[in-house]
Amino acid sequence: MNHIGIDGCKAGWFYVSLDDDDNWNMGILSNIKELSAFLPESKLILVDIPIGLRESGLSERLCDMEARRVLTKRKSSIFPAPCRQALSCTTYKDACKVNEKVTGRKISQQTWAISSKIKQMDDFLSETNTAGRVSEFHPEVAFWALNNKTEMQHNKKLQHGHEERLKVLLKYYPFTEEIVCKAKEKYRRKDLALDDIIDAIAGAVTAKYSKSLCTLPQIPEMDNRGLAMEIVYGKL
């Protein structure tokens, strides 16, 4: 069975897959619907994208609030998820208006930048029976857990941040640097950034090496479509 971590990138969705024998595979999906082909042979797929969205109410998703609580230096990486209605908008201005009407808040430029990917995932989960094998993770929360509940000290875009995260991953998976090198050779930097590669590996490592999964919050909320609003991390 495969254990997969996925992170959004400029070219689509970068994935890293680890099997039960510690072999690895990686690639880019142009659309998350392509994930359907992976489901029969996958035990767990962790994706860095909001899953489970509000359609009413003024409060944020509790999972986002809890993630900020466990992170201090890196809490700015957790931004509020949009309401589901805002995903149908075609402009940032309209999305802000809709989100403010539904939740009382506009959305950030960061949220708008990934809104098409959030919609892709939301549509995919609504149309596909994933049998609970697809969950939301956040790389900074994953690294916090992988590093004995100690968050990363450096920004993931910086060299020190890359080195810090690779050091953590190497404790669990010795072929981490091999994946990074092959991905950098295969894909152009404008399509796939180094931090995208590292984040996807963090998802795969969490999926494979966790004794069990914990959730933020401990008792997740459910959205109107029955999707859990949770961020998972590993108990190691």
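With 0.36 nm allotted per residue and the present C-alpha distance subtracted, the HIS160-SER88 stretch has 22.1 nm of extension available. Zone of MET222 (label point 7 Å along Cα→Cβ, backbone N under 14 Å): which residues in segment 51-73? Those under the cut-off are 52-53. Pairs from the list LYS33/LYS167; LYS117/LYS167; LYS33/LYS157 with a Cα-Cα gap above 31 Å: LYS33/LYS167. Residues whose amide H lies under 5 Å from that of ILE107, counting only those 5 or more places away or on a different chain, are CYS96; hydrogens are built 1.01 Å from N in the peptide plane. Label sites at GLU178 and ASP191, each approximated as a point 7 angstrom past Cα along Cα to Cβ, lie 2.3 nm apart.
Relative to the compact-globule estimate of 2.2 N^0.38 Å, the Cα radius of gyration of segment 14-71 comes out at 1.53. For THR128 and MET1, the difference between the fully extended length at 0.36 nm per residue and the C-alpha to C-alpha distance is 43.8 nm. Comparing ASP21, ASP196, ASP123 in a Gaussian network model of the chain where C-alpha atoms under 10 Å apart are linked, the largest mean-square fluctuation is found at ASP21.
Which whole number in µm²/s is D for segment 1-139 by Stokes-Einstein, with the Kirkwood Rh taken over Cα pairs at 4 °C and 1.567 mPa s? It comes out at roughly 81 µm²/s. 3J(HN,Hα) along segment 66-79: 5, 5, 5, 5, 7, 9, 10, 5, 9, 5, 5, 6, 9, 10 Hz, from the Karplus curve 6.51 cos²θ - 1.76 cosθ + 1.60 with θ = phi - 60°, whole Hz, x for Gly and Pro. Shape descriptor for segment 108-178: Rg over Rh equals 1.07 (Cα atoms; Rh from the Kirkwood inverse mean 1/r).
About its Cα centre, the chain has a charge dipole of approximately 760 debye under the convention of +1 per Lys or Arg Cβ and -1 per Asp or Glu Cβ, with nothing else charged. In this structure the amide hydrogen of GLU221, modeled in the peptide plane, comes within under 5 Å of the amide hydrogens of MET229, none closer than 5 places in sequence on its chain. Using θ = phi - 60° in the Karplus curve 6.51 cos²θ - 1.76 cosθ + 1.60, the 3J(HN,Hα) couplings for segment 39-52 round to 4, x, 10, 10, 8, 8, 10, 10, 10, 7, 7, x, 10, x Hz; x is entered for Gly and Pro.
For segment 162-179, 3J(HN,Hα) computed residue by residue from phi via the Karplus equation (6.51, -1.76, 1.60; θ = phi - 60°) reads 4, 4, 4, 6, 5, 4, 5, 5, 5, 5, 9, 10, x, 9, 4, 5, 5, 4 Hz, glycine and proline entered as x.
The aspartates and glutamates within cross-link reach of LYS156, meaning a Cα-to-Cα straight distance under 13 Å and a gap of 8 or more places when in the same chain, are GLU140, GLU164, ASP195, ASP196, ASP199. Of the two radii for segment 111-236, the radius of gyration is 0.98 times the Kirkwood radius, both from the alpha carbons; that is the Rg over Rh value. Applying D = kT/(6 pi eta Rh) to the chain, where Rh is the Kirkwood radius over alpha-carbon pairs, T corresponds to 20 °C and eta to 1.002 mPa s, the Stokes-Einstein value obtained is 120 µm²/s. DSSP beta bridges fully contained in the chain are about 70 percent antiparallel.
A short reminder: the numbers here are calculations on the coordinates, not readings from a lab. Quantities reported herein were computed from a predicted structural model and do not represent experimental measurements. Glycine gets a Cβ as well: all are built from the backbone with ideal geometry, and neighbour counts include every protein chain shown.
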